[in-house]
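The values are calculated or read from the model by the stated rules, or taken from the named source; none is laboratory data. Worth saying up front: this structure is predicted, and the values here are computed from it rather than measured. So basically every Cβ, Gly included, is an ideal-geometry build from the backbone, and we count neighbours across all protein chains shown.
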Amino acid sequence: MKMHVAGKHIAVLGAGESGGSAARLLISEGARVTVIDSGEAQSLHEKAAVIESAGAAVITGPAAEADAGKYDLAILSPGVEPTSALVKGIVARSIPLIGEIELAYVLCGRPVIAITGTNGKTTTTQLVEKMLLGCGVKTVACGNIGPAFSAKVREGRAMDVMTVEVSSFQLEEIRTFRPKVAVWLGFAPDHLDRYPSLQAYYDAKVRIFENQTPDDWAVVNLRDKLPVLKARRITFSAYAGGGDFELREGVIHFRGNAVLEMRATNLRGSHNAENLMAALGTGHAMGLDFEKMIAPLSAYKALPHRCELVRTLEGVDYVNDSKATNLDSLEKALDGETRVVVLIAGGKDKGFEFDSVADLVARKCRCAILLGDMAARIEQLWSGKLPCFNAGHSLERAVETARSKARAGDIVLFSPGTSSFDMFRNYADRGNQFRQIVQSLAPKQSQP
């Protein structure tokens, strides 16, 4: 049932992409909107100006936390923590609170395919979008992938289905959000800088299934333990047998029948096989034929910063895997590598330890170059297993050290295994800087 917001005074917490999009959507629906963000007014000046030009009031800085306005409803942006002073102030006044994705869902009026997982969300979301469009199903990818779900609601009314990448942050404040197809790619430790425990992170993420019924579908990774689901299940795994989708000698099978050869696609690695399986499972749930799905899936090309070959120099491949913002991503990158690796890892402390991958790193890597806030801690954990070198907060020094240690035939793998915010704006900025440094390396002069 569609929510009616016309004439209501609604607070939007957070002035970022999601908050700004929610504000503009609400204004278009006739609501009176105030956007509240405790960030410094100067740093938010441009965003605030854009939001104000759309017709919303904006409160920033200390005044935001002191705000005592009376609102009919509050919308929580995913970047604002539920434990923040802004949220506590709303809750203390008994103002109803929902997330931006819930708002977009109730105003959209179209079925939703929702894709979540610790890793692989963006790749799979784009695969599903490309596959559906190639099969004549009108859709648009949005949500955590960007642009925000709210930004695409009006466009979505001309769509057959919305394809939405969903993070745990976005699922925290859902109420009625019900995907026609919910895709669960897999679960691994992450975001322990936001959640008090791994269980709390899992509990937020698993809410994607909360409102589904037997008329819906759940496309899920066979290896993960999930609660009893109401929706019909399609299972997949590239690492274990027994699922509806399996990987056998480089070929994806569905219930025993060959469906797609990995070599026919532009994707490599078992983790990408699972992303393809999830897309195929989504298509099957939507009633599509495998034959029609193959061509658009095979044409898809991987996004930057995901095991991206930057350059081959002096027989060494330099690979940018900056999107590896958790240990599961790092582990998968190493698992899929057959060459000797010189690893560059480290970054922001997200609350998990690197000891769980120490044996794998020792087995796969010639040495490890450690970077950022976690460098010293990782060095302490790994130094007894392989040579480690601390590059501090200098990516240039990390690349130079890696080059000096690598031999012809090796791969220099930049797979940090944690977030970038200690040194960079985001993982893309981190990956772009790595690419720039590597591309600027001058070949060594040959000896006479």
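At a glance:
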quantity: Scope region 208-240; condition over 21 Å from Val112 (Cα atoms), of a type in the set (Asp, Glu) and more than 20 Å from the chain's Cα centre (by Cα); matching residues; calculated: none
quantity: Residue among Val50, Val58 that alone is without any contact (Cβ under 8 Å) to a residue 60 or more places away in the chain, surrounded by fewer than 20 Cβ atoms within 10 Å (Cβ to Cβ), outside the structural domain of His191 (by TED's automatic domain parsing) and of a type in the set (Val, Ile, Thr); calculated: Val50
quantity: Which numbered condition Leu133 misses (of (1) surrounded by fewer than 19 Cβ atoms within 10 Å (Cβ to Cβ); (2) assigned to a helix (DSSP H, G or I); (3) at pLDDT below 95); calculated: (3)
quantity: Strands (runs of 3 or more DSSP E) contained entirely in region 14-99, each with at least 1 residues that are small (Gly, Ala, Ser) and under 24 Å from the mean Cα position of the chain (by Cα); calculated: 97-99
quantity: Options Gly283, Gly250; residue that is without any contact (Cβ under 8 Å) to a residue 60 or more places away in the chain, among the small types (Gly, Ala, Ser) and in the same structural domain as Thr163 (by TED's automatic domain parsing); calculated: Gly250
quantity: Residue count, region 324-346 (criterion: surrounded by fewer than 24 Cβ atoms within 10 Å (Cβ to Cβ), in a loop (DSSP other than H, G, I, E, B) and within 14 Å of the chain's Cα centre (by Cα)); calculated: 1
quantity: When residues of region 225-242 are limited to those that are over 16 Å from Val183 (Cβ atoms) and among the hydrophobic types (A, V, I, L, M, F, W, C), the one surrounded by the most Cβ atoms within 10 Å (Cβ to Cβ); calculated: Ala240
quantity: Count of region 397-448 residues which are farther than 26 Å from Asp349 by Cα, modelled with pLDDT under 95 and either part of a helix (DSSP H, G or I) or among the hydroxyl-bearing types (Ser, Thr, Tyr) (or both); calculated: 1
quantity: Ala324 being at pLDDT 95 or above and in the same structural domain as Thr418 (by TED's automatic domain parsing); calculated: no
quantity: Looking only at region 176-202, and only at residues there that are closer than 24 Å to Leu97 by Cβ and modelled with pLDDT of 95 or more, the one that is surrounded by the fewest Cβ atoms within 10 Å (Cβ to Cβ); calculated: Thr176
quantity: Cross-chain or 6+ apart pairs with Cβ under 8 Å, region 307-327 first and touching a residue at least 40 places away in the same chain (Cβ under 8 Å) and of a type in the set (Asp, Glu), then surrounded by fewer than 17 Cβ atoms within 10 Å (Cβ to Cβ) and assigned to a loop (DSSP other than H, G, I, E, B); calculated: Glu314/Ala408; Glu314/Pro443; Glu314/Lys444; Asp317/Arg339
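Each row is one residue, and each column tells you yes or no for (1) within 18 Å of Ala231 (Cβ to Cβ); (2) in contact with a helix residue (DSSP H, G or I) (Cβ under 6 Å, 6 or more places away or on another chain); (3) buried (at least 17 other Cβ atoms within 10 Å of the Cβ).
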residue	(1), (2), (3)
Val137	no, no, yes
Val140	no, yes, yes
Ile145	no, yes, yes
Met162	yes, yes, yes
Gln170	no, yes, yes
Ala204	no, yes, yes
